[in-house]
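These notes are about the structure you will find just below.
Rule-based calculations on the coordinates, nothing more; no lab input. Keep in mind that what you see is a predicted model, and the values were worked out from it rather than measured. Cβ sites come from the backbone with ideal geometry, for glycine too, and all protein chains shown count toward neighbours.
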């Protein structure tokens, strides 16, 4: 079973990030990865809720981007 995660893209980079522990699969520029992990730390609970909704076939709520 795949753990709860999200995908992130930046330029030609693509990664998969586990919501619970922030484990990253794939490659990303260091600066972009720092921003993605900061966003994860700010929205971890929102992401867990979105994953739960999507798992039930529901439309997840939008999550605010990093400002």
Original post:
In degrees from 0 to 90, rounded to the nearest 10, what is the angle of the helix 30-55 Cα long axis to the longest principal axis of the chain?
Top reply: 10 degrees
Subject >> Neighbour-count order for 1, 28, fewest beta carbons within 10 angstrom listed first >> reply: 1, 28
**OP:** Neighbouring Cβ atoms within 10 Å as the yardstick, rank 41, 29 fewest first.
**Re:** 41, 29
Original post:
Where does each of 34, 56 land when they are ranked from fewest to most other beta-carbon atoms within 10 angstrom?
Top reply: 56, 34
Subject >> Rg and Dmax of the chain, Cα atoms only, in Å >> reply: 11.9, 34
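Set the Förster distance to 25 Å, then compute FRET efficiency between residue 23 and residue 58 from the Cβ-Cβ distance, nearest 0.05.
Approximately 0.45, to the nearest 0.05.
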